[in-house]
Amino acid sequence: MFQCAAAMNVSVGSFCDPDGLEGLAHFLEPMLIYIYLSNLQPI
């Protein structure tokens, strides 16, 4: 049995959003998860 783990630190958050794009960090987080999950290959 194989096990693996991954982590990502983007070093930004909602306090770093540019003016006019508030909520960008909260939008991108689920998008990154969606992209990751959609590219999983069955073993």
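If you take the residues of region 30-42 that are surrounded by fewer than 10 Cβ atoms within 10 Å (Cβ to Cβ) and either in contact (Cβ under 8 Å) with a residue 12 or more places away in the chain or part of a loop (DSSP other than H, G, I, E, B) (or both), which of them is farthest from the chain's Cα centre (by Cα)? Show your work before the answer.
Within region 30-42, the subset surrounded by fewer than 10 Cβ atoms within 10 Å (Cβ to Cβ) is 30-31, 35, 37-42.
Checking which are either in contact (Cβ under 8 Å) with a residue 12 or more places away in the chain or part of a loop (DSSP other than H, G, I, E, B) (or both) leaves us with 39-42.
Values: 39: 13, 40: 15, 41: 18, 42: 21 Å.
Selected residue: 42.
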Tally, over region 1-25, of residues that are farther than 25 Å from residue 41 by Cβ and either basic (Lys, Arg) or surrounded by 10 or more Cβ atoms within 10 Å (Cβ to Cβ) (or both): 8
Unmet requirement for residue 34, which otherwise passes all of (1) at pLDDT 85 or above; (2) in contact with a helix residue (DSSP H, G or I) (Cβ under 8 Å, 6 or more places away or on another chain): (2)
Tabulated pairs, region 1-29, first among the acidic types (Asp, Glu), second modelled with pLDDT under 85 and exposed (fewer than 10 other Cβ atoms within 10 Å of the Cβ), C-beta under 7 angstrom, 6+ apart or interchain: 17/23
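Taking the criterion of being among the aliphatic types (A, V, I, L, M) and in a helix (DSSP H, G or I), would at least one residue in region 10-27 satisfy it?
Initially, region 10-27 is screened for residues among the aliphatic types (A, V, I, L, M), giving 10, 12, 21, 24-25.
With the extra rule that they be in a helix (DSSP H, G or I), the set shrinks to 24-25.
Yes.
The values are calculated or read from the model by the stated rules, or taken from the named source; none is laboratory data. It should be emphasised that the depicted structure is a prediction, and the values quoted were computed from it without experimental measurement. Positions of Cβ are generated from backbone atoms using ideal geometry, with glycine treated the same way; all protein chains shown enter the neighbour counts.
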